[in-house]
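The values are calculated or read from the model by the stated rules, or taken from the named source; none is laboratory data. This one's a predicted model, so the numbers in the text were calculated from it and none came from an experiment. Ideal geometry is used to build each Cβ from the backbone, glycine not excepted, and the neighbour counts take in all protein chains shown.
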Amino acid sequence: MQKTYRPEELRIDMDYVLGTLRKLLDIPSPTGFTDAAERFCCEELERLGIPYDLTRRGAIRADLKGRRNTPDRALVAHIDTLGAQVKRLKENGRLEIVRIGHWSARFAEGSRCTIFTDTGQYRGTILPLKASGHTYGDDVDTQDTGWPYVELRVDARCDSIADLVAHGINVGDCVAIDTQPEFLPNGFINARHLDDKAGVATMLGAAKAVLDAGIELPIDCHLLFTISEEVGSGASSVLHQDVAEMVTIDNATVAPGQNSYEYGVTVAMADSTGPFDRRLTRSLLTLCQDYGIPHQRDIFRYYRCDSASAIEAGSDIRTALVTFGLDASHGYERIHADSLEALTRLLVVYLQSQPEDSA
C-alpha cells in the first residue's frame, strides 16, 4: 500500500475526541430512539464543514472528498445502543421490560434509567423482583437472573395499572439506561454504551485531523453512521453503490481467552460471520506496523458488526473491522484513551492510503 501520509502533519485532537465522546454519552440513543444522537452528529458534521445526507430511516452518509470519486471507500460506526422497552404494565404499578439488543439482565439490575412516553419522560430504576433484603433475606442472593426476574420502578406515584395509564405510560415505550460516565486522569473511561459511541468519536476525530491538516485524500471516503447495529441490520442499506471497501469501527472484547488490546488497536481477523477480507485487513496491519501504532489481532466468536449486515444485504465490497479495546462489553464498560488515540491515528493514515484496487 502506497504511503502518502506526512508524519509532521498527523495531529490528533484528543480533547476533541474525548469531548465528543462525553457529549454522545449524554444523549440517550437505544435502537429505535436515535433521533437526538443523529441530530448531534449532523450538527457536528456541519460544524466541520462535511456535507452529508440522511436515509429515510435516519442513518447518516457524510462525504470526505478525494482526488478520485469512484470506486471509493467508507468508514462506518453505529450510533444506536442497547436499551429496553416496556413489555407490560404490572398490577403493582411497576413495569415488565424486554431488552433492545443482546445484553444480560445481570447488568440491568440496579440501573437508573429514563422511560420515554408519547407525552414526556419519567425516571426510574430497574430492580430484581426481590429487591429488599429486609423482606426477602437470603432470597435476594438466590433468585434467578434474567429479564423475567426484573421490573422497572417508576419514580412517580404509581401503585396500579390505572396509575401507570394515567401517567401516560404505554407498552412499547423506550427505556434508556444511564451511561454513568467517569473519565479518570490516568486515561481510563468507564461508562455504559462506549460501544459504539467511542467509535463514532474516533471517526469524527479522524475526519477533523484530515481537515485540519488540509490533506487531499486519494479517493472519496464516506463516513457512515448507522442506527440499528445492535439489532443486526446496521449497514444493510446505508452504503453508496460505488463503495469498494468498508472499514467498520467498533469495540474489541478484552476478556480471558481473547487477544484484544485495551491500550491500542485490535484488528479483527474474523467475527461470528467468518473471516474479514484478507487484503484489506493485511493492509491495515501494515499501516499499524509502518506508523508504529500499537496493535494486536483477534478473532471474535460471539460478535457481529456492521460489515456482516452489509455483506448479507448483497454488497460486493471488501470489509474489515478495527477496534478500540473494551472490557466488559455490553455491561458497565471500560476503555482507555490511549486505545482511542491509536485507533484514530490508524483511521487517519488509512484515509490517506491508496485503495486496495490500486494498491
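Observations on the model:
- Verdict on residue 163 being in a helix (DSSP H, G or I), closer than 19 Å to residue 328 by Cβ and charged (D, E, K, R): no
- Counted residues, segment 292-334 - those being surrounded by fewer than 23 Cβ atoms within 10 Å (Cβ to Cβ), under 17 Å from residue 265 (Cα atoms), in contact with a Leu (Cβ under 8 Å, 6 or more places away or on another chain) and hydrophobic (A, V, I, L, M, F, W, C): 1
- Answer residue from segment 68-117, given it is assigned by TED's automatic domain parsing to the domain that holds residue 39 and among the basic types (Lys, Arg) and is modelled with the lowest pLDDT among those: 68
- A Cβ distance below 6 Å, combined with a sequence gap of six or more or placement on separate chains, defines the contacts here; from segment 216-234, residues that are closer than 21 Å to residue 347 by Cα reach residues that are in a strand (DSSP E or B) and modelled with pLDDT under 90 in the pairs 220/69.
- Of all residues making up segment 266-321, the number that are over 21 Å from residue 353 (Cβ atoms), of a type in the set (D, E, K, R) and in a strand (DSSP E or B): 2
- Test for residue 139: is it acidic (Asp, Glu) and in contact with a helix residue (DSSP H, G or I) (Cβ under 7 Å, 6 or more places away or on another chain): no
- Number of residues in segment 82-119 that are part of a strand (DSSP E or B) and of a type in the set (Phe, Trp, Tyr) equals 1.
- Conditions (1) closer than 26 Å to residue 211 by Cα; (2) buried (at least 16 other Cβ atoms within 10 Å of the Cβ); (3) more than 18 Å from the chain's Cα centre (by Cα); (4) in contact (Cβ under 8 Å) with a residue 24 or more places away in the chain: number failed by residue 286: (2)
- Which listed residue, of 251, 170, 186, is among the polar types (S, T, N, Q) and within 27 Å of residue 47 (Cα to Cα): 251
- A single member of 131, 201 is within 23 Å of the chain's Cα centre (by Cα), small (Gly, Ala, Ser) and not in a strand (DSSP E or B), and it is 201.
- Flag if residue 334 is over 16 Å from residue 196 (Cβ atoms) and among the charged types (D, E, K, R): no
- Cross-chain or 6+ apart pairs with Cβ under 9 Å, segment 116-131 first and touching a residue at least 60 places away in the same chain (Cβ under 8 Å), then crowded, with 16+ Cβ neighbours inside 10 Å and not β-branched (Val, Ile, Thr): 116/28; 116/33; 116/122; 116/173; 116/174; 116/176
- Among the residues of segment 134-148, those that are surrounded by fewer than 15 Cβ atoms within 10 Å (Cβ to Cβ) and under 30 Å from the mean Cα position of the chain (by Cα) comprise 144, 145, 146, 148.
- If you go through segment 213-243 and keep only what is in a loop (DSSP other than H, G, I, E, B), of a type in the set (Gly, Ala, Ser) and farther than 19 Å from residue 32 by Cβ, you end up with just 214.
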